[in-house]
Structure formats: structure tokens, C-alpha cells
1. Need one number: nm distance between label points at Asp78 and Glu44, each 7 Å from Cα along Cα→Cβ, rounded to one decimal.
2. Quick one: helix 49-58 against the long Cα principal axis of the chain, what's the angle to the nearest 10°, folded into 0 to 90?
3. Give me the tail of P(r) for the chain as a percent: Cα-Cα pairs with distance above 16 Å.
4. Kindly provide the helix-only [θ] at 222 nm of the chain, computed as the sum of -39,500 (n - 2.57) over DSSP H runs of four or more divided by all residues, to the nearest 500 deg cm²/dmol?
5. Any idea what angle helix 15-30 forms with the longest principal axis of the chain, computed on alpha-carbon atoms, 0 to 90 degrees, nearest 10?
6. Remind me, relative contact order of region 4-84 in percent, using alpha carbon pairs under 8 angstrom and six or more residues apart?
Amino acid sequence: MSSESDLLGPKRLTKYEIIRIISVRAQQIAAGSPLFLEENEIPEGLTDPVELAKLELKRGKLPLLIERREGDKISLIDIRRLLREE
């Protein structure tokens with residue numbers, strides 16, 4: 001993982017990263033992928049894949065890494081770390 005000294009880019013998710021994460025995860029959910037949320041974490045009646053993806057992201061349940069590049073430097077950052085910085 002990245003240490004504070006090799007963190008590239010902002011210390012939080014950018015709006016472009018957020019949109020990409022939500023859209024890719026919503027496609028996975030719509031295709032039948034299991035949710036990372038517990039049954040009691042899902043509001044009653046919520047079935048929209050986009051809203052479920054947003055909820056997973058907000059709760060820090062997604063085990064994803066963001067790849068950021070700057071020149072020849074590459075940094076892989078756990079999105080849960082970037083959520084804490086907000």
C-alpha cells in the first residue's frame with residue numbers, strides 16, 4: 001500500500017473517481033454480483049443498483065484500489081483510506 005509520502009494526487013477521492021467507482025459497481029450489481037452490504041444495512045425496498053453502489057461506497061465496504069499515475073510514478077491506494085480523508 002501507499003505511505004503518506006508516496007500518495008499521488010489529492011488526499012480524497014476525486015469526483016471523477018467517485019463516478020467511475022459507482023458506475024462500474026452498479027453495472028456489477030445489475031449483472032447479479034453479490035452485495036458487500038449486510039442485510040440490515042440495506043434500507044427496505046432499495047433495489048436500484050446505482051443507489052446500492054453509492055451506499056456501499058459511502059459505508060466503505062468496497063475492497064478496491066485506485067491507481068494514480070504521475071509521470072513514471074504509480075500509486076495504488078485503498079479507497080477506504082481516501083474516504084477517511086474527506
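Read the figures in this text as sums done on the coordinates, not as results from a lab. Fair warning: this is a prediction, and the values are worked out from it, not measured in the lab. Neighbour counts are summed over all protein chains in view; Cβ atoms, including those assigned to glycine, are modelled from backbone coordinates with ideal geometry.
1. 3.5 nm
2. In the chain, helix 49-58 runs at an angle near 50 degrees to the longest axis.
3. 54 percent
4. Here the helix-only value at 222 nm equals -11000 deg cm²/dmol.
5. For 15-30 against the chain, the angle is about 40 degrees.
6. Values: 71 pairs, mean separation 28.5, N = 81.
After rounding, I find 35 percent.
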